[in-house]
Amino acid sequence: MFKNLPRFARYVAPIAFVVLCGAMPAAAQKPTAAVASAPLKLNLTSDTAVVSTCSDSTGSQVRLTAAAVSPNGNPIKYKWTTTGGTITGEGSQVTWNLAGLKPGYHKASLDIVSTGSEGTCQAFSSVTVLVNACAPVRPVCPAVEISCPTAIGIDQPLTFTSNFSGGTPGITPVYNWTVSAGTIIEGQGTDRIKVDTTGMAGQTIRASLSLGGYNLECAADCAVKLPAPKLTSRRFDEFPDIARNDEKARLDNFGIELQNDPKATAYVIVYPSKSGKRGEVQKHAGRIVDYLVNSRGLDQRRIVTLVGPKRDQLEVELWITPEGAPAPNP
């Protein structure tokens, strides 16, 4: 019997070794010289020599093809081995999957054996493939949207809701909300927040969401205009025909309030007495306006006097009307 030829494992082009085959004499026969036969031939090729492998990449597969010839027509058995990866298939053509392997050279080897009446023949070949490192995955922001509330009332809480789609897979988002006005009372760190708007009537509240975890600025915002309170005239004070000094004290407070709101209008409504004397309305209205203008420094154009219906006794009402509000109706 012939001795097997040595195998050389080099990361170079495919190599093959061939042994000659000879028939062995029967045990009962006299030993005779082996009869040489034609060698078993093998040529191993791959469809690529370089791959870039990632765990989910189909580009990490290599097709291996073995061209084997047994000159005597004997059947051939194939045995595939690798230094890494997996072999799918059998026979002369298989697929070598290198997904997930470390960068560097990796080798696939093939042993073939053919047995016939002239003996057993064996051949060996190998092929190497270079695995390149995966390109780093570039993070991508998801498409982030914020839904503004539609039911809006004065001093009522607002609920802002977010949703997103796409972006780099496998990332757990981190929700960070901010608001331009009001206070977040529920939901910070989640996809939905509730905002307290007490005292914010007439203002615009903008909710902004920064979606963390993507190493990028992934953000969105949404703004909602709160309804303004309905403007109305406010009755500040009322009093009957009182002593002049008491009246001045009332008017001092009235003047201070008007100075605090420079755009408001002062309304002085005088209700005459049913038994009053002629001209008493003009008298009271005149001295009130005179005091507010000359003693409190108010612009006379901001003061309006009205006459109300008669009452049992003379009465005075002091009203403050904000800008844009309707005038009081005596």
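Per-structure values
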{"read-out": "Exceeding the 18 Å Cα-Cα cut-off - candidates K194/K230; K41/K79; K283/K310", "value": "K194/K230"}
{"read-out": "Cut-off 14 Å between beta-carbons: net charge of the residues surrounding V62, Lys and Arg +1, Asp and Glu -1", "value": "+1"}
{"read-out": "At q = 0.07 Å⁻¹, base-10 log of I(q)/I(0) for the chain (Debye sum, equal scatterers on each alpha carbon)", "value": "-0.63"}
{"read-out": "Translational D in µm²/s for region 143-225 (Stokes-Einstein at 25 °C, 0.890 mPa s, Kirkwood Rh from C-alpha pairs)", "value": "186"}
{"read-out": "Nonlocal amide H pairs with L226, under 5 Å, H built at 1.01 Å", "value": "G202, Q203, T204, I205"}
{"read-out": "Space enclosed by the convex hull of the alpha-carbon atoms of region 234-321, per residue, Å³", "value": "83"}
{"read-out": "Residue exposure sequence - T45, T120, T150, T53 - by fewest surrounding Cβ within 10 Å", "value": "T150, T45, T120, T53"}
{"read-out": "Whole-Hz couplings from phi, Karplus 6.51/-1.76/1.60, listed for region 82-96; x for Gly and Pro", "value": "9, 7, x, x, 10, 9, 10, x, 7, x, 7, 9, 9, 10, 10"}
{"read-out": "Estimated [θ] at 222 nm from DSSP helical runs (n ≥ 4, -39500 (n - 2.57)) normalised by residues in the chain, nearest 500", "value": "-3000 deg cm²/dmol"}
{"read-out": "Per-residue ³J(HN,Hα) for region 323-328, Karplus 6.51 cos²θ - 1.76 cosθ + 1.60, θ = phi - 60°, Hz, x for Gly and Pro", "value": "4, x, 8, x, 6, x"}
{"read-out": "Rounded Å value of the spacing that divides the Cα centres of region 51-125 and region 154-187", "value": "56"}
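Read the figures in this text as sums done on the coordinates, not as results from a lab. Here the structure is a predicted model, which is why all the values come from computation and not from measurement. Glycine also receives a Cβ, built like all others from the backbone with ideal geometry; neighbour counts cover every protein chain displayed.
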